[in-house]
Amino acid sequence: MFEVRATDLGGRLGRLEIGGKAMETPAYLPVVHPIRQQVPVNVLKEMGFKAIMTNSYITLKHHPDGVNIHQLTGFDGVVMTDSGGYQVLEYGDVEVDPVEVAEFQIRIGSDIAVILDRPTGYPSTRSYALQTVKETIAASQKCKEQIAHKPPAWAGPVQGGTHPDIVKMSAKIMAKMDFDLFAIGSPVELMNGYRFREVVKLVTAAKSVLPPEKPVHLFGAGHPFTIPLAVALGCDLFDSASYILFAKQGKYMTPTGVREVKDMVEFACPCTVCSRLSSVRELLELPPAEVTLKLAIHNLYVMKAELSATREAIREGRLWNYLTLRIRSHPTLASATNFDEETLRLFGLGLRWGKEKATFFFDETDILNPEVKRHLQRIEFNFTPINKKLSVIVTKNDYDSIFVHSGRMLGNALKRREDTVIFHPYLSVVPLAVIAVHPLAQNVCRNPPPENVVRASVERLVGFAKRYRYTKVVIRPSNGCAVLAKEIRDAMTKMKIVCSVSHAGW
Ligand SMILES: [Zn+2]
């Protein structure tokens, strides 16, 4: 049912088949109002959306005897129904039984049914978070025991909010039940409050426990610039009504944030709405309902394009580069990239060994690139020195050329009885013998690299020489690298490692 075709960081490019209907993931499911949908569903179909989310609670209120959800919404693709848990959060208690809600979702022909959950919300105390998790687990167990006939797919909700240990406990117990996919709840308030660091913690906690072979849905992710981050953390499905909610407030989505349309002069968007308008003024002169409709359709295009761009980044193996580009959309999003070890481990899960494209290094953020982390760990734990003498080649962004000459250079090093490594501003120590491994030669750095990045890398190189107890280090700089060579020599000498600079070439 869920097939992963490519991975990058924790992100997966997949194919999800439900009830004979297939879609590519990561995918965005626009929320469709079952009774008062403002953007015609035909428009969504024409735009290429393969799945939608709609609300079974509202459907139940209007059609207590049941109705075919595909006929009601006019959508023949995958229809996921939200159980009404969000209404619990919004309006207090809903007077329905989880079994009744689940059976109703099956009866109306939902393709993905969600167990009635109790969203934790934000802010929440530990005891309230625990209570919501317990209630959600109890509802899940009750549904599993009492419902004989299954929907095409069951989604098990994971709650716990901003309490990572409670989220993990919730995910662990839900993972033991036979769900087809899992849905992480409660990020809406966090997203709306730009509390992205908490979103990262929430998703990391859930993903670190949930079975990797199952798709994961993130409820209510409606800000386009958060999509690459959520995908990198391993979320496969998203739903949101933000396209219409923002439109009603006169808000215009862009890939890097949301703007007040009344404050804008020009549209920098090639979608079918914006490209047919000569100016923002022309849009604002239309009747209000039409403005809302046009804004909503534009917003949908932005969400759709963000998903396409993110999927393409996974295909290219450049999700890290794309993610670090998008986090510059807002300082609070950039702050969320102070990733802890657990998140970085999650990113490392889908890291590929071979890639066709070069890895780009721009600034200090790229020290956190999991490809760098993976390499540094291998250098620390998996390296075996052969000789006591270490030769360090210092060059300027010339790794391709070293790769071409690596055979001859290795021959020379062998004759001199030296282990040879290349100093790299981000990867620190690149053993010449493994330079063919991506991205050791296949990378491009901003030139010159930031000084603090180089300094940290020099420290790691000195640590490497010390750890493997080299008795002598020779620095071999290429033209224009004399200053850096001296800096490395001084750092080595300071740590009492015998070190010299040789200009004899490679
Ligand atoms: Zn547009």
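To the nearest ten degrees, helix 399-416 and the longest principal axis of the Cα atoms of the chain are 40 degrees apart. In a simple Cβ point-charge model (Lys, Arg +1; Asp, Glu -1; nothing else charged), the chain has a dipole of about 2740 debye relative to its Cα centre.
What the phi angles of region 210-221 give under the Karplus curve with 6.51, -1.76 and 1.60, with θ = phi - 60°, is a coupling list of 5, x, x, 7, 9, x, 10, 9, 10, 5, x, 8 Hz, glycine and proline written as x. Projecting the Cα positions of Leu277, Ala102, Gly354 onto the charge dipole of the chain (unit charges on Cβ atoms of Lys, Arg, Asp and Glu, taken about the Cα centre) puts Gly354 furthest along the positive direction. Label separation (Lys388 vs Glu3): 5.8 nm, computed from points 7 Å beyond Cα along the C-beta direction. Rounded to whole numbers, the Karplus 3J(HN,Hα) couplings from phi for region 434-440 are 10, 5, 6, 6, 4, x, 4 Hz, using 6.51 cos²θ - 1.76 cosθ + 1.60 with θ = phi - 60°, and x at Gly and Pro. For the set Lys45/Lys150; Lys61/Lys142; Lys134/Lys176, the pairs lying more than 19 angstrom apart at their alpha carbons are Lys45/Lys150; Lys61/Lys142.
Along the axis of the charge dipole computed for the chain (Cβ charges of +1 for Lys and Arg, -1 for Asp and Glu, origin at the Cα centre), the listed residues Ser170, Ser329, Trp506 are led at the positive end by Trp506.
For the pair Ser275 and Gln146 in one chain, pulling the backbone fully straight at 0.36 nm per residue adds 41.1 nm over the alpha carbon distance. For region 229-238, the Karplus equation 6.51 cos²θ - 1.76 cosθ + 1.60, evaluated at θ = phi - 60°, returns couplings of 5, 5, 5, 4, 7, x, 8, 10, 10, 9 Hz by residue, with Gly and Pro reported as x. Relative to the longest principal axis of the Cα atoms of the chain, the long axis of helix 288-316 makes an angle of roughly 40 degrees. By other beta-carbon atoms within 10 Å, ranking Val454, Val404, Val392 with the fewest at the front produces Val404, Val454, Val392.
Basic side chains Lys and Arg get +1 at the Cβ, acidic Asp and Glu get -1 at the Cβ, and with that the dipole of region 51-205 about its Cα centre reaches some 640 debye.
Taking the chain as a whole, the Cys residues whose C-beta sits 4.7 Å or farther from every other Cys C-beta are Cys143, Cys235, Cys271, Cys445, Cys481, Cys499. Maximal additional length on extending the Glu341-Arg15 stretch stands at 114.4 nm, based on 0.36 nm per residue less the C-alpha distance. Multiplying the residue separation of Leu245 and Arg328 by 0.36 nm and removing their Cα-Cα distance gives an extension gain of 27.4 nm.
Computed about its Cα centre, the charge dipole of region 354-501 is approximately 780 debye, with only Lys, Arg, Asp and Glu carrying charge at their Cβ. Would you mind computing, in nm to one decimal, how far apart the modelled labels at His33 and Glu380 are, each placed 7 Å from Cα along Cα→Cβ? Using points 7 Å along Cα→Cβ, the separation is 5.4 nm. Note on region 354-501: dipole from Cβ charges, positive end direction compared against Ala413, Leu440, Val458; the farthest Cα belongs to Ala413.
For Ser240, the residues whose amide H sits under 5 Å from its own are Leu29, Val31, ignoring neighbours fewer than 5 places away on the same chain, with H placed 1.01 Å from N.
Taking amide H atoms as placed 1.01 Å from N in the peptide plane, the amide H of Gly14 lies under 5 Å from those of Arg5, Thr25, each 5 or more residues away in sequence or on another chain. Counting other Cβ atoms within 10 Å as a rough exposure proxy, the listed residues Ser457, Ser500 run Ser500, Ser457 from fewest neighbours to most. Scoring 293-304, 333-344, 467-478 by mean Cβ neighbours within 10 Å over their residues and listing the highest first yields 293-304, 467-478, 333-344.
Put in line by how crowded their Cβ is, counting other Cβ atoms within 10 Å and starting with the fewest, Phe423, Phe381 read Phe381, Phe423. Report relative contact order for the chain in percent, whole number only (criteria: Cα-Cα under 8 Å, sequence separation at least 6). Over the chain, the number comes to 12 percent.
Since every read-out is calculated from the coordinates, none of them should be taken as a lab result. In this text, all values refer to a predicted model and were calculated from it rather than measured experimentally. Virtual Cβ from ideal backbone geometry, glycine too; neighbours counted across all protein chains shown.
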